[in-house]
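Peer 1: Here you go, one structure.
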């Protein structure tokens, strides 16, 4: 199954409330019932679970799925600094992680 942006899948903008997400999910369920379109239902359910609460939406903005510090730390073999994962510090951390990864590949 191809991963898509949950906001686009549910037809939402990024500045939404919990009730907006729930309403969009229920509208999508009426439009794509699981009996008729099981694949689309699975995508819709996955999108809803990804942005269901405010905490999940904030976490998604700070750490997009492809750039989560924990995943990058395992991939680049560098320690995760929780303070470096926000704002400018995150950019510095990513740059250093990429340098370390490149050095390890050359060795």
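Peer 1: Using a/c under 1.5 as the rounded threshold, could you call the stretch 6-62 rounded, prolate or oblate? The axes a ≥ b ≥ c are square roots of the C-alpha gyration tensor eigenvalues, and prolate needs a/b larger than b/c, oblate otherwise. List each step's numbers first, then the result.
Peer 2: Working: a/c = 2.54, a/b = 1.90, b/c = 1.34.
Here the stretch 6-62 falls in the prolate category.
Peer 1: I would also like to ask the following. When a footprinting reagent is the concern and you count Cβ atoms within 10 Å, what order do 39, 46 take, fewest first?
Peer 2: Details: 39 11, 46 14.
Ascending number of Cβ neighbours within 10 Å: 39, 46.
Peer 1: Measure off 7 Å from each Cα along the Cα-to-Cβ vector at residue 13 and residue 53, then give the distance between these two points in nanometres to one decimal.
Peer 2: Inter-label distance under the simple model: 2.6 nm.
Peer 1: While we're on this one: Please give the contour-minus-distance gain from residue 104 to residue 23: 0.36 nm per residue of separation, less the Cα-Cα distance, rounded to one decimal in nm. Intermediate results must be reported in sequence, preceding the final value.
Peer 2: Working: separation 81, 0.36 × 81 = 29.16 nm, distance 4.81 nm.
Separation in residues times 0.36 nm, less the Cα-Cα distance, equals 24.4 nm.
Coordinate-derived values only; no laboratory data. Everything quoted here is computed from the prediction, not taken from an experiment. Reconstructed Cβ throughout: ideal geometry from the backbone, glycine too, with neighbour counts over all protein chains shown.
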